[in-house]
Amino acid sequence: MSFNSLGLSPSLLRAIEDQNYNQPYPIQQEAIPAILHRQDVLGIAKTGSGKTASYVLPILMNCMGNSVTKNRHINVLVLVPTRELAVQVRGVFQEFGSELPKRISSLAVYGGVSINPQMIALQGVNILVATPGRLLELVDSNAVHLSGIDTLVLDEADKMLNLGFKDEMNQIFKLLPNKRQNLLFSATLSDDVKNIHQLLLNNPLIIKI
Ligand code: AMP
């Protein structure tokens with residue numbers, strides 16, 4: 001199978017070529033067409049499976065149809081457990097978004113550093129990659145609004161729960177609009193992950209790698 005058959009645009013295919021990805025990994029073969037069709041996805045997959053590109057590529061494509069974001073209203077929220085993963089995932093959005101005809105703006109926000117530069121940088125962002133605690137601080141400061149989100153990604157959901165982010169995650173879920181696409185990735189299907197899956201996902205495609 002080649003990336004050409006998955007429904008991605010020529011500009012994304014060029015970016016994939018630039019990254020020297022020759023063939024889609026199994027999770028990418030399954031997840032990319034489903035996410036392009038706005039289906040919910042539960043991916044049970046570890047780091048190294050190619051899970052990041054499996055959601056980054058179709059999300060960038062789906063964002064091409066979005067109108068300009070209203071002041072501090074983001075379109076896509078990616079929740080991650082750590083600063084390192086936030087920076088890494090944002091980097092993948094940048095790499096694959098570099099050749100798009102329309103600029104899709106992304107940002108990573110995380111705790112342990114000053115909040116002010118993040119508040120300023122949130123102007124005009126489409127895709128926000130965030131750790132839960134810092135996101136809530138930014139929401140409380142009115143630096144970002146979650147009511148316009150059309151896609152929610154939970155990446156490394158099991159790790160987020162293990163690190164004690166359950167309450168923060170539930171607070172965030174309450175701030176999201178009901179109608180949205182949900183994508184959940186986790187290395188394991190623990191009881192807590194199952195609970196979130198049953199609470200959030202609507203008839204998902206389940207992929208186990
Ligand atoms: P991830 O599981 O998303 O952390 O990705 C693991 C590594 O695999 C990263 O270094 C990616 O750049 C790389 N990767 C992801 N998909 C592909 C692919 N289709 N072909 C080659 N490398 C890939």
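Listed values, structure above:
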quantity	calculated
Close pairs from the stretch 30-48: first over 14 Å from Asn202 (Cβ atoms), partner of a type in the set (Gly, Ala, Ser) and assigned to a loop (DSSP other than H, G, I, E, B), Cβ under 8 Å, at least 6 apart	Ile32/Gly7; Pro33/Gly7; Leu36/Gly7; Ile44/Ala187; Ala45/Ala187; Lys46/Ala187; Thr47/Ala187
Residues located in the stretch 127-150, provided they are surrounded by 21 or more Cβ atoms within 10 Å (Cβ to Cβ) and hydroxyl-bearing (Ser, Thr, Tyr)	Thr131
Helices (runs of 4 or more DSSP H) contained in the stretch 47-129 and holding at least 3 residues within 16 Å of the ligand (Cβ to nearest atom) and within 17 Å of the chain's Cα centre (by Cα)	51-63, 83-97
Lone qualifier among Leu12, Leu8 - being hydrophobic (A, V, I, L, M, F, W, C), more than 8 Å from the ligand (Cβ to nearest atom) and farther than 20 Å from Leu205 by Cα	Leu12
Condition broken by Tyr21, with the remaining ones in (1) under 24 Å from Leu199 (Cα atoms); (2) outside any helix (DSSP H, G or I); (3) within 13 Å of the ligand (Cβ to nearest atom) satisfied	(1)
Filter result for Asn162 (polar (S, T, N, Q) and farther than 18 Å from Ser190 by Cα)	no
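Readers should treat all values here as calculations from the given coordinates under stated rules, not as data from a laboratory. All of these numbers come straight from a predicted model, not from anything done at the bench. Note that each Cβ is placed from the backbone with ideal geometry, even for glycine, and that neighbours are counted across all protein chains shown.
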